[in-house]
Amino acid sequence: MRYICLAVAAVVLSGCNPAPSQEGAHGGMEMSTVSQAAVVKTGTGTGVVKAIDAKAGTVTIDHEPIAAVGWGAMTMNFPVTPPSLLDGVVAGQTVTFDVTVTDNKPVITGIRK
Ligand SMILES: [Cu+2]
């Protein structure tokens with residue numbers, strides 16, 4: 001009886017545990033990678049300029065989805081580096097822009113009209 005109980009326990013453990021524990025280990029590895037090094041993603045987006053703050057060096061863009069950085073369509077405010085990229089950019093314009101996202105903080109590094 002004892003062996004049977006152990007066998008049943010082993011089957012239950014092997015049947016239920018591997019999938020969740022593997023996922024947990026995998027997730028844990030990803031988590032530690034995230035906490036140890038900056039995650040940098042770059043992408044190119046297209047959108048309509050909603051507002052510009054030349055003094056702050058920021059631009060608000062209603063952008064289309066940018067798969068490379070995992071974003072859906074949204075309106076958001078970006079810092080622009082260097083701010084001179086905003087020269088000649090006006091609200092209402094449709095622009096293509098390069099964005100670098102470091103640990104979820106986006107910066108626009110290029111704008112094309
Ligand atoms: Cu966005």
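Every number in this text was worked out from the coordinates using simple rules, so none of it is lab data. Predicted model, so just to flag it, every value in this text is computed and none were measured. Reconstructed Cβ throughout: ideal geometry from the backbone, glycine too, with neighbour counts over all protein chains shown.
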May I ask you to list pairs of residues, at least six apart or on different chains, whose Cβ atoms are under 7 Å apart, with the first in region 90-113 being within 18 Å of W71 (Cα to Cα) and the second being within 15 Å of the ligand (Cβ to nearest atom) and not in a strand (DSSP E or B)? V99/V69; V101/V69
What residue, among those in region 45-88 that are outside any strand (DSSP E or B) and either of a type in the set (S, T, Y) or in contact with a helix residue (DSSP H, G or I) (Cβ under 7 Å, 6 or more places away or on another chain) (or both), is surrounded by the fewest Cβ atoms within 10 Å (Cβ to Cβ)? S84
Filter region 34-58 for residues that are away from the ligand (no atom under 12 Å from the Cβ) and under 16 Å from K105 (Cβ atoms) and give the result. V34, S35, A37, A38, V39, V40, K41, T42, A56, G57, T58
